[in-house]
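> This structure is in structure tokens; I'll ask about it shortly.
The values are calculated or read from the model by the stated rules, or taken from the named source; none is laboratory data. Treat the numbers as computed from the prediction; the structure is a model and nothing was measured. Cβ: placed from backbone, ideal geometry, glycine included. Neighbour counts: every protein chain shown.
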Amino acid sequence: MPDLLLLDSPPTFIAAPSDADVFRSPSRYLEGIWHTYFADVPCVNQVNIAYGQAWKNRLGSIRLSPDTTISFIKVNGLLQLPQIPDYILITTIAHELAHYAHGFGSPRPPLYQHPHANRVVELELKRRGLGETMRMCNEWVDSQWFASYEEARAADWPGLPAICRPPSH
């Protein structure tokens with residue numbers, strides 16, 4: 001992971017119980033990305049992050065609990081594997097934080113009618129200095145993601161914890 005600027009007063013994050021044992025700790029990435037690129041966005045509720053299932057067509061998601069006290073970011077389980085470049089994980093978490101800042105998956109008021117209207121997430125990441133990271137991510141995903149997914153699936157998900165493995169069909 002690149003050196004990230006850490007500030008004195010971090011937002012409150014709740015890590016998954018086994019997060020300390022994960023090769024790429026999502027809570028540590030979230031904290032670093034938030035401090036480095038989203039320091040102007042106040043954390044207005046509890047934010048949880050964890051690896052989820054290995055999705056073929058999604059890298060991450062954010063949702064808000066019904067009582068609005070918790071935002072939950074789920075990251076594709078494959079992103080914890082060492083063969084996936086860490087700029088994919090950085091871009092994915094930053095993408096979800098852009099949604100949070102825009103009022104989607106957070107109790108903040110929505111700034112737009114739709115979460116991806118007029119490329120607002122892409123423009124937000126560029127404005128925050130993540131344009132090159134996002135470009136590398138998009139290029140890698142376009143050229144290698146589906147092959148990497150299929151390779152992991154064919155090999156029965158080596159290195160992926162059981163909780164992140166898709167159900168067998």
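> Please verify whether Glu139 is closer than 30 Å to Asp156 by Cα, touching a Gly at 6+ places or on another chain (Cβ under 6 Å) and among the acidic types (Asp, Glu), treating the condition exactly as stated.
Answer is no for this residue.
> Kindly indicate whether Ile93 is within 23 Å of Ser71 (Cα to Cα), surrounded by 13 or more Cβ atoms within 10 Å (Cβ to Cβ) and β-branched (Val, Ile, Thr).
Here the answer is yes, as Ile93 does meet what is asked.
> Something else: Given the criterion over 17 Å from Cys164 (Cα atoms) and either of a type outside the set (Val, Ile, Thr) or modelled with pLDDT of 95 or more (or both), identify the matching residue among Ala16, Ala39, Ala20.
Answer to the check: Ala39.
> Limited to the stretch 56-86, what total is found for residues that are surrounded by 17 or more Cβ atoms within 10 Å (Cβ to Cβ) and not charged (D, E, K, R)?
16
> Scan the stretch 128-139 and tell me whether some residue there is in contact (Cβ under 8 Å) with a residue 12 or more places away in the chain, surrounded by 20 or more Cβ atoms within 10 Å (Cβ to Cβ) and closer than 17 Å to Arg28 by Cα.
no
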